[in-house]
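Encoded as structure tokens, the structure appears first; notes follow it.
The values are calculated or read from the model by the stated rules, or taken from the named source; none is laboratory data. These figures come from a predicted structure and were not determined experimentally. Methodologically, a virtual Cβ is constructed for each residue, glycine included, from the backbone with ideal geometry; neighbour enumeration extends over all protein chains shown.
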Amino acid sequence: MTSIDIYAPYLTGAEVSPGGEVFLTSSNALLFVDHCDRLGLAIIGIDGARITPYEKELYLDAIGDASPTSAMPWEAFRETRKRFAQNCLRELIHEKGADTYFSFVILDAEEYADTLRRLR
């Protein structure tokens, strides 16, 4: 599954950078967390930005990183990262406003296993 496939249901209203990074509206970002969960994916990173017709301004204080640092079963890891993403988004939307856009770093089971091998 490609990045575009993952984001396809949410591309309306999204901003896509020339490099292919997808920024979702706040409302779609919240829905995207459950979408990733249904696809068996984990969100390990979130970046918030203000996007206008003229510029994209990444908020340095709107970054969430939940990269794996120790081993746990994949399903437990996914569940903790789902809660991280939901809580992080709610807090950032509260702080920055509903007009904030979000991009994500997503991990699948194979990438998670590769990461764990590197942690050992």
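Out of the residues in region 27-85 meeting the condition of being at pLDDT below 95 and touching a Gly at 6+ places or on another chain (Cβ under 8 Å), tell me which one is nearest to Tyr112 (Cα to Cα). By that ranking, first place goes to Ser67.
Taken as a whole, region 71-84 holds no residue that is closer than 17 Å to Val105 by Cβ, in contact with a helix residue (DSSP H, G or I) (Cβ under 9 Å, 6 or more places away or on another chain) and aliphatic (A, V, I, L, M). Here Ala66 fulfils each of the conditions (1) surrounded by fewer than 18 Cβ atoms within 10 Å (Cβ to Cβ); (2) within 12 Å of the chain's Cα centre (by Cα); (3) more than 19 Å from Thr25 (Cα to Cα) apart from (1). Please identify the pairs in which a residue from region 49-72 that is in contact (Cβ under 8 Å) with a residue 24 or more places away in the chain and outside any loop (DSSP other than H, G, I, E, B) has its Cβ atom under 8 Å from the Cβ atom of a residue that is among the polar types (S, T, N, Q) and loosely packed, with under 15 Cβ neighbours inside 10 Å, counting only partners at least 6 apart or on another chain. Correct list of pairs: Lys56/Ser17.
Among the residues of region 74-91, is any among the hydroxyl-bearing types (Ser, Thr, Tyr), in contact (Cβ under 8 Å) with a residue 12 or more places away in the chain, out of contact with any strand residue (DSSP E or B) (no Cβ under 9 Å at 6 or more places or on another chain) and exposed (fewer than 15 other Cβ atoms within 10 Å of the Cβ)? Can you show your working first?
First pass over region 74-91, keeping only residues among the hydroxyl-bearing types (Ser, Thr, Tyr): 80.
Add one more test, that the residue is in contact (Cβ under 8 Å) with a residue 12 or more places away in the chain, and what stays is 80.
Of the ones still in play, those that are also out of contact with any strand residue (DSSP E or B) (no Cβ under 9 Å at 6 or more places or on another chain) are none.
Checking region 74-91: not a single residue is among the hydroxyl-bearing types (Ser, Thr, Tyr), in contact (Cβ under 8 Å) with a residue 12 or more places away in the chain, out of contact with any strand residue (DSSP E or B) (no Cβ under 9 Å at 6 or more places or on another chain) and exposed (fewer than 15 other Cβ atoms within 10 Å of the Cβ).
Among all residues of region 91-114, there is none that is at pLDDT below 95 and among the polar types (S, T, N, Q).
Tallying residues that are in a strand (DSSP E or B) and over 23 Å from Ala76 (Cα atoms) within region 19-46 yields 4. Residue pairs whose Cβ atoms lie under 8 Å apart, sitting 6 or more positions apart in sequence or on different chains, and linking a residue in region 16-36 that is in contact (Cβ under 8 Å) with a residue 40 or more places away in the chain and at negative phi to a partner that is surrounded by fewer than 16 Cβ atoms within 10 Å (Cβ to Cβ) and of a type in the set (Val, Ile, Thr), are Val22/Val16; Phe23/Val16. When Val22 is tested against (1) closer than 30 Å to Arg120 by Cα; (2) buried (at least 18 other Cβ atoms within 10 Å of the Cβ); (3) of a type in the set (Val, Ile, Thr), just one condition goes unmet, and that condition is (1). For Val105, indicate whether it is closer than 22 Å to Tyr7 by Cβ, touching a residue at least 24 places away in the same chain (Cβ under 8 Å) and in contact with a helix residue (DSSP H, G or I) (Cβ under 9 Å, 6 or more places away or on another chain). No; evaluated as a whole, the condition is false for this residue. Scanning region 92-113 for residues that are surrounded by 12 or more Cβ atoms within 10 Å (Cβ to Cβ), of a type in the set (Asp, Glu) and part of a helix (DSSP H, G or I) gives Glu95, Glu111.
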